[in-house]
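These notes are about the structure you will find just below.
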Amino acid sequence: MQKQVDYTDAVKTKYPEQVVIAIAKDRNGKANPITLGWTMIVSGNPPMMAVAVAKTHYSVEAIEHSRCFTIAFPSSEMADAALFFGSKSGRDTDKLAEFECETAAASEIDSVLLADAVANFECNLESQMLTGDHVVYVGEVVACHVNAEPRKRLYTVGPGHKLGSV
Ligand SMILES: Cc1cc2nc3c(=O)[nH]c(=O)nc-3n(C[C@H](O)[C@H](O)[C@H](O)COP(=O)(O)O)c2cc1C
């Protein structure tokens with residue numbers, strides 16, 4: 001049996017939700033990481049992934065400037081980094097300078113990888129679509145990297161950006 005409720009109550013049932021960190025360089029060459037829960041695989045051949053970024057976020061400028069981005073699947077040990085990257089804006093913060101987090105250069109695009117992530121995907125911006133208060137960016141995956149050590153993925157496990165593993 002189903003009971004009708006408003007959207008805010010119904011959408012609370014979505015957890016656990018995967019978390020990713022997308023990184024794009026801005027016009028000054030600063031790599032800007034953003035934590036995102038709204039993300040999905042949108043094509044298998046060619047491989048494509050999408051992220052939804054709020055119109056007001058600095059990442060919109062960075063992604064639209066560089067037209068490429070990496071998507072990192074953070075490991076469960078990266079909760080503090082995900083909260084930092086997901087609470088500061090690149091407009092007034094150099095997040096990767098302020099929060100110690102090992103990076104490596106991407107191989108096919110002008111962006112960076114997160115060394116402790118479970119996996120990193122290098123994407124060229126393929127298309128974008130305005131969806132209400134967010135912009136959905138679709139990237140074609142042009143290179144992939146996985147951690148040599150087994151790692152558990154990070155998830156949002158409850159409302160209020162409560163992060164953990166499942
Ligand atoms: C767990 C978590 C999930 C988030 N998911 C999203 C998301 O899907 N889309 C989005 O636009 N912002 C999301 N945010 C908020 C942004 O990461 C945050 O506002 C960030 O500071 C924006 O950075 P920027 O201004 O440098 O782009 C999330 C934050 C956290 C902590």
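A short reminder: the numbers here are calculations on the coordinates, not readings from a lab. In this text, all values refer to a predicted model and were calculated from it rather than measured experimentally. Cβ: placed from backbone, ideal geometry, glycine included. Neighbour counts: every protein chain shown.
Per-residue answers, yes or no, for (1) under 19 Å from THR131 (Cβ atoms); (2) out of contact with any Lys or Arg (no Cβ under 7 Å at 6 or more places or on another chain):
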position	(1), (2)
MET1	no, yes
VAL5	no, yes
GLY29	no, yes
LEU36	yes, yes
ILE63	yes, yes
SER75	no, no
GLY86	no, yes
GLU108	no, yes
ASN120	no, yes
With region 1-105 as the region, which strands (runs of 3 or more DSSP E) entirely inside it contain at least 2 residues that are more than 8 Å from the ligand (Cβ to nearest atom)? 20-25, 39-43, 48-54, 68-73, 103-105
Of (1) within 16 Å of GLN18 (Cβ to Cβ); (2) without any contact (Cβ under 8 Å) to a residue 60 or more places away in the chain; (3) in contact with an Asp or Glu (Cβ under 9 Å, 6 or more places away or on another chain), VAL118 fails just (3)
Of the residues in region 122-162, those that are aromatic (Phe, Trp, Tyr) and either touching a Gly at 6+ places or on another chain (Cβ under 8 Å) or surrounded by fewer than 18 Cβ atoms within 10 Å (Cβ to Cβ) (or both) number 1
Say whether the condition of being of a type outside the set (A, V, I, L, M), in contact with an Asp or Glu (Cβ under 8 Å, 6 or more places away or on another chain) and farther than 17 Å from TYR137 by Cβ is met by at least one residue in region 45-52. no
Only one of (1) assigned to a loop (DSSP other than H, G, I, E, B); (2) aliphatic (A, V, I, L, M); (3) touching a residue at least 60 places away in the same chain (Cβ under 8 Å) does not apply to ILE109, and that is (3)
For region 54-83, name all the residues that are crowded, with 18+ Cβ neighbours inside 10 Å and not small (Gly, Ala, Ser). HIS57, TYR58, VAL60, ILE63, CYS68, PHE69, THR70, ILE71, PHE73, PRO74, MET78
